[in-house]
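Here is the structure we will look at, set down as structure tokens.
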Amino acid sequence: MLDGGKPSDPAGATAGDRAVAPLRVRELLLVVAASALLAAWWLWPLPLHAASALLYEGAETPGISADFHLVVWSLAWDVHALTTAPWRLFQANALYPAPLALAYSEHFLGNLPVFAPVYLVTRNPILATNAMIFASYPLCAAAMYALARRWTAAPAALVAGLAYAFTRYRHALPPYVHFLATFCLPLVILFAYEFLERGRRRDLALFAGALLLQLLASYYLAYATLVAVGATLVAGFASRRLRPDRRRAVALAAALLAVAAVFAAISWPYVELRERGLIPAYDDADAERPRTMGLVPYFAAIRVARWATDLGPPAILIALAACAFVPPLGRRRWPALLAAALVALGVLLAFGRGIHVAGRDFWSPYSLLAAWVPGFGTIRQPMRFIALAELGIALLAALGTERLLGRFRPRLAWALASAGIALWLASVAPRASLPVHEARIPDDQRAAYAWLAQHGEGGALLELPRPPDAAGRAWRMVASTLHWLPIVDGYSGYPPRTDQVLFGIANGLPDARALQELVDHANVRWLLVHRDELSPEKRAAWDAGAPRGVTEVAEWRDLRLFRIDVAPVNDRRSRLTDAKESLGGVPLEPIAAPCPGSLRVVAVAPEPLAPSGTATVSVEVRNDGARAWPARGVYPRHLVRLRRTLVSPAGAASSTANDPLPDDVLPGHSVTARIQQALPPFAGEYTLVLELVQVRDGPLSDCGVAPVRAPLRVPAAKPARH
């Protein structure tokens, strides 16, 4: 494809193919330069704050900020681990002492070719992340340009490149920066086509490399990429354009197997966590997280509709895409059909498990993929597949532009294409600058972390008090990049409950009994106390003196660093992360029938309930059988949970969730769980259905514990007084 300006005339090429001049490296450099200038405008004011701030919408939602911080930490950890101890890649430093901490979310390894160079030079993960966000735009534009250039002249290919990179949907994604890294997706299609047509080894190697990087960028993108590869190969083998011989077919199969082997090896930790119940398949009726809004057909359809009407391609691109099918198609036939297939597949899969239209849910092949393809059932946001549709529309827009401008002289074609690009960019331009969120670590904390980096000796760090929200806990992970010691704190998509257990104990500090219980559960070496964040009572307790075995080693303004030198007495360190026993020593295995017991609603507060408020429901869980029920542990599989389902007055289930029990339920004993149920804004007679389930094993109603129903009467909101 890159022929340095020498015309190519492969065997079997048509006159239509020879009409398109080969792609030159100089063209790609010009595309990168032009799209980089556009990216500076598109992402403004990111270039002004790249070293010290994150720019994104939705910071008022703690989960959005937490996800952004998680990505920053994960990418920095990838580089740190691969340059120091690659064999410990998944043993990341957060959520200590839980193993495989990197696998509680995505590993993002496919993004490192862009992130790592900046991070290795600056050691600034914020700057490296912003550089990756920025670079994704010219890289996507150049990759899509190269794909479209295979069948179109330069003006039309530029339309495709910019249409693929600069979309309103991508502009709304900066907190999820790994979804911006779709620049290998067009290259996968391009080099697959090139190899099948020409049989060159370099094309096969480039195909395998692009495929592996795209698979490793994100698991969401991995499944979308596999769909694109399947569509490309099916279209290629079924068309008259591509008739690969046996040698090419065998070589392609070998390359796919090699990539699959590497991808499977890197994905093995996720299989392990799936077995432990941390990563659920959302089609499991007894999964730890049985429902997610993104998989509900009604809500998935809303997101698809919003993309089609607001975040998707504007009318001018749709019109250009339609022109791709104006006859005669000629050399445009194969890419046009492939692009149309990608659009259809992307939109279809974005609907998820059912296509919701006019109040009805229609069947979708998504359910078959969730049942047959390993790991597909763990996807909770099918809207990510819309990346396929955006690629297909960009390619169709190039083909349509070529159909309209192909007969014009180059200068006129460039003038018309530029006018169209300007008109389109004006219609999709960001409506406002991205909000700036400073991401600086205060000087006193930076000094404390520098001390720990030099003197920490690899010991685990616990910081008190714990941040109240997910964003603060995730920011602790970013701060840990200054010392890389194991930290008890952390945030992730599927975290174990080690942090909840240990912080539940540590909240009792500086009491000596809490200290002993803490070291009985984990090898915590360092304790960093943020005095300015403590309650007055806790601040006074720490100022009165640390317990025996805790020595203050340094102080920075309101930060006090202590070293813990206390030996365990009732050693439970191995049990904390044991996948065979609960924290109380109850075996983690399926509960055999019979399992007699009962549920009883003790109290519902407050009275009266309020629309959009929260009901606190106290439930007594009693075990009348001969075997204990495991309930307190960090790995969900085989743990007994209290499932709650809120049923609307019309009888429809409006929400479902699983809540942990406070402790194992021993034979002849009971525990009381207090659950928080969010109430709808509408008045009515609702019902809260409560039942016991054993994660990955099924409901206990099958062996003797009947569900219980609690009425929740939500009165009408009182009119405001004027």
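For residues that are among the basic types (K, R) and under 14 Å from P510 (Cβ atoms), tally how many sit in segment 549-562. First the steps, then the outcome.
The initial filter retains those residues of segment 549-562 that are among the basic types (K, R), namely 557, 560.
In the following step, the residues that additionally are under 14 Å from P510 (Cβ atoms) were identified as 560.
Total meeting the criteria: 1.
Each row is one residue, and each column tells you yes or no for (1) among the polar types (S, T, N, Q); (2) closer than 24 Å to L54 by Cβ; (3) in a helix (DSSP H, G or I).
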{"position": "G110", "(1), (2), (3)": "no, yes, yes"}
{"position": "V118", "(1), (2), (3)": "no, yes, yes"}
{"position": "A143", "(1), (2), (3)": "no, no, yes"}
{"position": "T152", "(1), (2), (3)": "yes, no, no"}
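Just name the residue that is nearest to P297 (Cα to Cα) out of those in segment 318-334 that are buried (at least 21 other Cβ atoms within 10 Å of the Cβ) and either modelled with pLDDT under 90 or among the hydroxyl-bearing types (S, T, Y) (or both). Per the stated criteria, the residue is R332. Taken together, S492, S480 contain a single residue that is among the polar types (S, T, N, Q), surrounded by 18 or more Cβ atoms within 10 Å (Cβ to Cβ) and not in a loop (DSSP other than H, G, I, E, B), which is S480. Here A210 does not fit the description of being over 20 Å from the mean Cα position of the chain (by Cα), in the same structural domain as I421 (by TED's automatic domain parsing) and within 30 Å of R407 (Cα to Cα). Of all residues in segment 515-536, those satisfying the criterion of being in contact with a Lys or Arg (Cβ under 6 Å, 6 or more places away or on another chain) and among the charged types (D, E, K, R) are D520, R531.
Each residue in segment 523-554 was checked for being in contact (Cβ under 8 Å) with a residue 24 or more places away in the chain, farther than 18 Å from H483 by Cβ and in contact with a strand residue (DSSP E or B) (Cβ under 9 Å, 6 or more places away or on another chain), and 9 pass.
When segment 356-405 is filtered for residues that are of a type in the set (V, I, T) and within 18 Å of L311 (Cβ to Cβ), the ones remaining, listed by number, are I386, I393.
With the condition kept exactly as written, say whether any residue in segment 609-617 is part of a loop (DSSP other than H, G, I, E, B), assigned by TED's automatic domain parsing to the domain that holds A506 and in contact (Cβ under 8 Å) with a residue 40 or more places away in the chain. Give the steps one after another, and end with the answer.
Filtering segment 609-617 down to residues part of a loop (DSSP other than H, G, I, E, B) leaves 609-613.
Still in the running and assigned by TED's automatic domain parsing to the domain that holds A506: none.
Looking through segment 609-617, none of the residues is part of a loop (DSSP other than H, G, I, E, B), assigned by TED's automatic domain parsing to the domain that holds A506 and in contact (Cβ under 8 Å) with a residue 40 or more places away in the chain.
Checked against (1) touching a residue at least 40 places away in the same chain (Cβ under 8 Å); (2) small (G, A, S); (3) surrounded by 20 or more Cβ atoms within 10 Å (Cβ to Cβ), G58 meets all criteria but (3).
The single condition from (1) modelled with pLDDT of 95 or more; (2) in contact with a helix residue (DSSP H, G or I) (Cβ under 8 Å, 6 or more places away or on another chain); (3) more than 24 Å from A103 (Cα to Cα) that H530 fails is (2).
The residue that is nearest to T401 (Cα to Cα), counting only those in segment 421-437 that are free of Cβ contacts under 8 Å to residues at least 24 places away in the same chain and over 30 Å from the mean Cα position of the chain (by Cα), is A422.
Yes or no: L337 surrounded by fewer than 19 Cβ atoms within 10 Å (Cβ to Cβ), part of a helix (DSSP H, G or I) and either out of contact with any Cys (no Cβ under 8 Å at 6 or more places or on another chain) or among the small types (G, A, S) (or both)? Yes, satisfied. Within segment 70-99, residues that are not assigned by TED's automatic domain parsing to the domain that holds M132 sit with their Cβ atoms under 9 Å from residues that are among the β-branched types (V, I, T) and in a loop (DSSP other than H, G, I, E, B), at 6+ positions apart or across chains, in these pairs: A94/V488; L95/V488; Y96/V488; P97/V488; P97/T577; A98/T577; A98/V634; P99/T577.
Residues in segment 134-150 that are surrounded by fewer than 24 Cβ atoms within 10 Å (Cβ to Cβ) and either over 14 Å from L30 (Cα atoms) or touching a His at 6+ places or on another chain (Cβ under 7 Å) (or both): F134, A135, R150. Among the conditions (1) without any contact (Cβ under 8 Å) to a residue 24 or more places away in the chain; (2) aliphatic (A, V, I, L, M); (3) in a helix (DSSP H, G or I), the only one that A603 does not satisfy is (3). Checked against the criterion of being within 36 Å of the chain's Cα centre (by Cα) and within 30 Å of V689 (Cβ to Cβ), the candidates L583, L561, L576, L599 yield just one match: L583.
Of the numbered conditions (1) in contact with a strand residue (DSSP E or B) (Cβ under 9 Å, 6 or more places away or on another chain); (2) exposed (fewer than 14 other Cβ atoms within 10 Å of the Cβ); (3) among the aromatic types (F, W, Y), W451 satisfies every one except a single condition; which is it? It is condition (2) that W451 fails.
Selection of first residues in segment 685-710 that are touching a residue at least 60 places away in the same chain (Cβ under 8 Å) and of second residues that are assigned to a helix (DSSP H, G or I), restricted to Cβ pairs under 8 Å at least 6 apart or on distinct chains, gives the following pairs, ordered by first then second residue: E691/L700; E691/S701; L692/L700; L692/S701; V693/L700; Q694/L700; P707/S701. Being buried (at least 23 other Cβ atoms within 10 Å of the Cβ) and out of contact with any Cys (no Cβ under 7 Å at 6 or more places or on another chain) is a property that F207 has. Taken over segment 504-529, the criterion of being over 13 Å from G549 (Cα atoms), of a type outside the set (A, V, I, L, M, F, W, C) and part of a loop (DSSP other than H, G, I, E, B) is satisfied by N507, G508, N523. Considering (1) at pLDDT 90 or above; (2) out of contact with any helix residue (DSSP H, G or I) (no Cβ under 6 Å at 6 or more places or on another chain), the lone condition that A592 does not fulfil carries the number (1). Checking the stated criteria, L180 turns out not to satisfy the condition of being at pLDDT 95 or above and either of a type outside the set (D, E) or crowded, with 20+ Cβ neighbours inside 10 Å (or both).
Restricting to segment 638-685, name every residue that is surrounded by 20 or more Cβ atoms within 10 Å (Cβ to Cβ) and over 24 Å from P711 (Cβ atoms). H638, L639, V640, D664, V665, listed by residue number.
Which of the residues that make up segment 563-576 are under 15 Å from I505 (Cβ atoms) and not in a strand (DSSP E or B)? Show your work before the answer.
Residues of segment 563-576 that are under 15 Å from I505 (Cβ atoms), as a first pass: 564, 566, 568-573, 575-576.
V566, P568, V569, N570, D571, R572, R573, R575, L576, listed by residue number.
When the helices (runs of 4 or more DSSP H) confined to segment 178-277 are screened for residues that are among the aromatic types (F, W, Y), those reaching at least 3 such residues are found at 184-198, 219-238, 246-275.
The values are calculated or read from the model by the stated rules, or taken from the named source; none is laboratory data. All values derive from a computational prediction rather than experimental measurement. Glycine gets a Cβ as well: all are built from the backbone with ideal geometry, and neighbour counts include every protein chain shown.
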